[in-house]
Amino acid sequence: MSVGSIPRHLLRFSIPMLIGNLIQISYSIINTIWVGHLVGENAVGAIGVSFPVFFTLLGLSMGIFHGFYHTYRTVLRSKRLRNG
C-alpha cells in the first residue's frame, strides 16, 4: 500500500466509489422515468422536493449514531482496561 505510484493507488481505491455513484445515478434516473410515466409530473416534483430532506435526515441520524457509538466504545474500552 505504501509502495508504488500514488495516482495508481488513488485510482484503484476510487473505482468502487465511482461504480457506486453510477448505480445511484442510474437508480435515480430510472426512478424518475418510472414515476413520471406511471403517476405524473406532480409525483416527480414530490420526489425532487423530498430527496434533500430525506438525505439531510439520514445524514443527521448517521452522525448522531456514530457519535454515540464512538462514545460507547470509548467507555467500554476504558472499563475493560481498568478491569484488566
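Here, each number is a calculation from the coordinates, and none is a lab measurement. Keep in mind the model is a prediction, meaning the values are calculated, not measured. Here the Cβ positions follow ideal geometry from the backbone for every residue, glycine too, while neighbour counts run over all protein chains shown.
Suppose only helical runs count, i.e. DSSP H with n ≥ 4. What mean residue ellipticity at 222 nm does that imply for the chain under -39500 (n - 2.57) per run, divided by all residues and rounded to the nearest 500 deg cm²/dmol? Before the final figure, lay out each step's value.
Numbers: 2 runs with 76 residues, N = 84.
Computed mean residue ellipticity for the chain: -33500 deg cm²/dmol.
Once both labels are modelled 7 Å past Cα along the beta-carbon direction, what's the Val35-Ile23 spacing in nm?
If labels sit at Val35 and Ile23, their model points lie 2.1 nm apart.
Note down the nm distance, to one decimal, between modelled labels 7 Å out along Cα→Cβ at Val75 and at Ser2.
Placing both labels 7 Å along Cα→Cβ, they lie 3.6 nm apart.
Could you point to the residue in Ile15, Thr32, Leu76 farthest towards the positive end of the chain's charge dipole, with +1 and -1 charges on the Cβ of Lys/Arg and Asp/Glu respectively?
Among Ile15, Thr32, Leu76, the one farthest towards the positive end of the dipole of the chain is Leu76.
How far is helix 41-83 tilted off the main Cα axis of the chain, in degrees rounded to 10, range 0 to 90?
The angle comes out near 10 degrees.
For the chain, with a Gaussian network of springs between Cα atoms less than 10 Å apart, report the residue from Ser26, Ser14, Ser50 with the top mean-square fluctuation.
Comparing Ser26, Ser14, Ser50 in the GNM, the peak value goes to Ser14.
Ranked from highest to lowest mean number of other Cβ atoms within 10 Å per residue, what is the order of the peptides 35-46, 55-66? Provide the component values of the computation, followed by the final result.
Numbers: 35-46: 11.7, 55-66: 10.0.
Top of the packing list down: 35-46, 55-66.
Note the full-extension length gain between Ser61 and Arg82 as 0.36 nm times their separation in residues minus their Cα-Cα distance, in nm to one decimal. Write down the numbers at each step before the final one.
On the way: separation 21, 0.36 × 21 = 7.56 nm, distance 3.17 nm.
Length gained between Ser61 and Arg82: 4.4 nm.
If you scale each eigenvalue of the Cα gyration tensor by 5 and take the root, what three semi-axes come out for the chain, rounded to whole angstrom and sorted largest first? Walk me through the intermediate numbers first.
Working: eigenvalues 304, 134, 14 Å².
Result for the chain: semi-axes of 39, 26, 8 Å.
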